[in-house]
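Report on the following structure.
The values are calculated or read from the model by the stated rules, or taken from the named source; none is laboratory data. Quick caveat, the model's predicted, so the values are computed rather than measured. With ideal geometry, Cβ positions are generated from the backbone for all residues, glycine too; neighbour counts draw on all protein chains shown.
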Amino acid sequence: MQNIPKLVKIFTERFDEPHEKLINILLSVIIFSFVSYALYLRNPKHFKHEIKDIRYEHFLWYSLTLNFTIPFGDIYPESGEAKLLSSIQAIIFWFIMLS
């Protein structure tokens, strides 16, 4: 528990400049899109969608819109694991933005 303030300080120092925030946000979008897609491939019931031929690009779109809190509802989390993953992504986005 004593290391948590040190970790927060290390992370916040990485997000001082606007370009650092943008790079880290884009990296988180890419990482979470891959993780979401992998979760979907493991079990398609994790996400609900109306797309006939769903591909990775759809999860990249989902991750990007989720980050900026404007999801359009074409893909949304259905299972607890997918909802938890989406929540963690949103928390990380706001941690980066508010740091």
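Just give me the residues in segment 59-95 being more than 17 Å from Lys21 (Cβ to Cβ) and of a type in the set (Phe, Trp, Tyr), in sequence order.
Within segment 59-95, Phe59, Trp61, Tyr62, Phe72, Tyr76 qualify.
For a quick check of your reading of the model, give me the residue pairs whose first member lies in segment 74-99 and is under 27 Å from Ile51 (Cα atoms), whose second is exposed (fewer than 15 other Cβ atoms within 10 Å of the Cβ) and of a type outside the set (Val, Ile, Thr), with beta-carbon atoms closer than 6 Å and at least 6 apart or on different chains.
Sorted first by the residue in segment 74-99, then by its partner, the pairs are Tyr76/Lys48; Pro77/Lys83; Glu78/Lys48.
Is it the case that some residue within segment 51-59 is surrounded by 15 or more Cβ atoms within 10 Å (Cβ to Cβ) and either among the basic types (Lys, Arg) or under 12 Å from the mean Cα position of the chain (by Cα) (or both)? Give the steps one after another, and end with the answer.
Quick first cut of segment 51-59, residues surrounded by 15 or more Cβ atoms within 10 Å (Cβ to Cβ) only: 54, 58-59.
From what is left, the residues that are either among the basic types (Lys, Arg) or under 12 Å from the mean Cα position of the chain (by Cα) (or both) are 59.
Yes - at least one qualifying residue is present in segment 51-59.
Among the residues of segment 32-52, what is the count of those that are over 15 Å from Asp74 (Cα atoms) and basic (Lys, Arg)?
Residues that pass the stated criteria total 1.
What is the residue count in segment 11-47 for residues that are at pLDDT 80 or above, among the polar types (S, T, N, Q) and either at positive phi or more than 13 Å from the chain's Cα centre (by Cα) (or both)?
1
Tally up the residues in segment 60-77 that are farther than 18 Å from Ser28 by Cβ and exposed (fewer than 15 other Cβ atoms within 10 Å of the Cβ), please. Outline the logic, then answer.
Here is the first cut: in segment 60-77, the ones farther than 18 Å from Ser28 by Cβ are 72-74, 76.
Going one step further and asking which of them are exposed (fewer than 15 other Cβ atoms within 10 Å of the Cβ), we end up with 72-74.
The qualifying residues number 3.
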